[in-house]
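Colleague: Quick one: structure below, then a few questions.
The values are calculated or read from the model by the stated rules, or taken from the named source; none is laboratory data. Predicted, not measured: the structure shown is a model, and the values here were computed from it. So basically every Cβ, Gly included, is an ideal-geometry build from the backbone, and we count neighbours across all protein chains shown.
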Amino acid sequence: MLLAALLLSPTLSEWFKSAPQLRTGVTVFVAICVQALPFLVVGVLLSGAIAAFVPARVLERLMPRNRAASVGVAGVAGVALPTCECAAVPVARQLMSRGVAPAAALTFLLAAPAVNPVVLAATAVAFPGEPLMVLARFVASLGTAVVTGLLWVRFGKVEWIVERARRRASDVASGERWRVFTETARADLIEAGGFLVLGAAVAATMNVLIPPQWFSSLGDELVVGVVVMAVLAVVLALCSEADAFVVASLPGLPLLPKLVFLVVGPAVDVKLLSLQAGTFGRPFALRFAPLTFVVAIACAVAAWAVFLGGGR
């Protein structure tokens, strides 16, 4: 593709000059990818390092025996042990296989992709004029993980999770750690990078084809804006290291729908629903995804009202 672009560069240049909308769309697409890619690379490297060099039993020893208390510890652990959404699912499965309470493992599953330093740094770069946006996302995402975990303690049932996710497993052998590290990082980068490119293309298309006043109108109908962006977050299935750049590029959209997009996306989307169904079973996914979706919207609205003044 690169070679073809170089050979056809004179024709492409004339084409872009005659199509200003296409030129704008390509510029937005490239800008989103270039901004987000470094954060995505850091995220997948950390994910691979955790999968290879951090035994799940370390977290198991840190977990209190009380299930409700273990939920809070798991939420905080998500800050210190970052993973992307795709990597968090197998990590949660490994935690369960080593005896960690399912509620705590699921809390970690939701917290790690959403409140880790890489994601927060990416959000700060994407929203340079809105420092409270970072704080609002952190609190809302952590609240989503903890509240969902506590609800699972109260209402969740072990039989909803398939047996293969709960059986005991062994740690990675020392001689295989570098292989696991490279394979995990490579697989995560290819998969998450594909979703980043798709999301950037969709965002660029929306920038060109959808009038800016359409997004501005969502500010007048915040309920509609919240619902639309929540559903869009589920459908687009962006990586948490890149979603801030995509949503920040949407013109005229108020902060509340943007915050809802950032909180819902790492918690529940179509790729996560597929991964969770394959890992924990369909009965689990059909219960966990709707619960997470509702809790994420509620936490995002609460954080917007507290930290962003409830007026933008």
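Colleague: Filter segment 157-201 for residues that are of a type in the set (Ser, Thr, Tyr) and either under 26 Å from Thr107 (Cα atoms) or at pLDDT 85 or above (or both) and give the result.
Modeller: Keep residues of segment 157-201 that are of a type in the set (Ser, Thr, Tyr), which gives 170, 174, 182, 184.
Of everything in segment 157-201, those that are of a type in the set (Ser, Thr, Tyr) and either under 26 Å from Thr107 (Cα atoms) or at pLDDT 85 or above (or both) turn out to be Ser170, Thr182, Thr184.
Colleague: Within segment 137-156, can one find any residue that is crowded, with 23+ Cβ neighbours inside 10 Å, at pLDDT below 90 and not in a helix (DSSP H, G or I)?
Modeller: no
Condition check ((1) in contact with a His (Cβ under 8 Å, 6 or more places away or on another chain); (2) touching a residue at least 60 places away in the same chain (Cβ under 8 Å); (3) aliphatic (A, V, I, L, M); (4) surrounded by fewer than 19 Cβ atoms within 10 Å (Cβ to Cβ)) across all residues:
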residue	(1), (2), (3), (4)
Pro266	no, yes, no, no
Gln276	no, yes, no, no
Phe280	no, yes, no, no
Leu286	no, no, yes, yes
Ala296	no, yes, yes, no
Cys299	no, yes, no, no
Ala303	no, yes, yes, no
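Colleague: In addition: Working only within segment 109-136, note down all residues that are surrounded by fewer than 24 Cβ atoms within 10 Å (Cβ to Cβ), part of a helix (DSSP H, G or I) and modelled with pLDDT of 90 or more.
Modeller: Result: Leu120, Ala121, Ala124, Val125, Leu132, Val134, Leu135.
Colleague: I've got another one for you. Hey, Ala112 hits all of (1) in contact with a Phe, Trp or Tyr (Cβ under 9 Å, 6 or more places away or on another chain); (2) within 16 Å of Leu272 (Cβ to Cβ) but one; which does it fall short on?
Modeller: Of (1) in contact with a Phe, Trp or Tyr (Cβ under 9 Å, 6 or more places away or on another chain); (2) within 16 Å of Leu272 (Cβ to Cβ), only one is false for Ala112: (1).
Colleague: Check Leu253 against each of (1) surrounded by fewer than 24 Cβ atoms within 10 Å (Cβ to Cβ); (2) at pLDDT 90 or above and name the one condition it does not meet.
Modeller: (2)
Residue by residue, here is whether (1) under 16 Å from the mean Cα position of the chain (by Cα); (2) closer than 22 Å to Gly78 by Cα; (3) part of a helix (DSSP H, G or I) holds:
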{"position": "Leu250", "(1), (2), (3)": "no, no, no"}
{"position": "Leu253", "(1), (2), (3)": "no, no, no"}
{"position": "Leu262", "(1), (2), (3)": "yes, yes, yes"}
{"position": "Leu275", "(1), (2), (3)": "yes, yes, yes"}
{"position": "Thr279", "(1), (2), (3)": "no, yes, yes"}
{"position": "Thr292", "(1), (2), (3)": "yes, yes, yes"}
{"position": "Val295", "(1), (2), (3)": "yes, yes, yes"}
{"position": "Ala298", "(1), (2), (3)": "no, yes, yes"}
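Colleague: How do the pairs read when you match residues in segment 239-263 that are closer than 11 Å to Val119 by Cα with residues anywhere that are hydroxyl-bearing (Ser, Thr, Tyr) and in a helix (DSSP H, G or I), using Cβ under 8 Å and keeping only pairs 6 or more apart or on different chains?
Modeller: Ala244/Thr123; Leu262/Thr123; Leu262/Ser141
Colleague: Can you spot a residue in segment 225-245 that is touching a Pro at 6+ places or on another chain (Cβ under 7 Å), surrounded by 24 or more Cβ atoms within 10 Å (Cβ to Cβ) and assigned to a loop (DSSP other than H, G, I, E, B)?
Modeller: Yes: segment 225-245 contains one or more residues that are touching a Pro at 6+ places or on another chain (Cβ under 7 Å), surrounded by 24 or more Cβ atoms within 10 Å (Cβ to Cβ) and assigned to a loop (DSSP other than H, G, I, E, B).
Colleague: Shifting gears a bit: Taking segment 119-140 on its own, how many of its residues are in contact with a Gly (Cβ under 9 Å, 6 or more places away or on another chain) and within 16 Å of Gly265 (Cα to Cα)?
Modeller: Quick first cut of segment 119-140, residues in contact with a Gly (Cβ under 9 Å, 6 or more places away or on another chain) only: 119, 122, 132.
With the extra rule that they be within 16 Å of Gly265 (Cα to Cα), the set shrinks to 119, 122.
Residues in segment 119-140 being in contact with a Gly (Cβ under 9 Å, 6 or more places away or on another chain) and within 16 Å of Gly265 (Cα to Cα): 2 in total.
Colleague: So Val76 ticks every box in (1) among the aliphatic types (A, V, I, L, M); (2) under 12 Å from the mean Cα position of the chain (by Cα); (3) surrounded by fewer than 21 Cβ atoms within 10 Å (Cβ to Cβ) but one. Which box is left unticked?
Modeller: (2)
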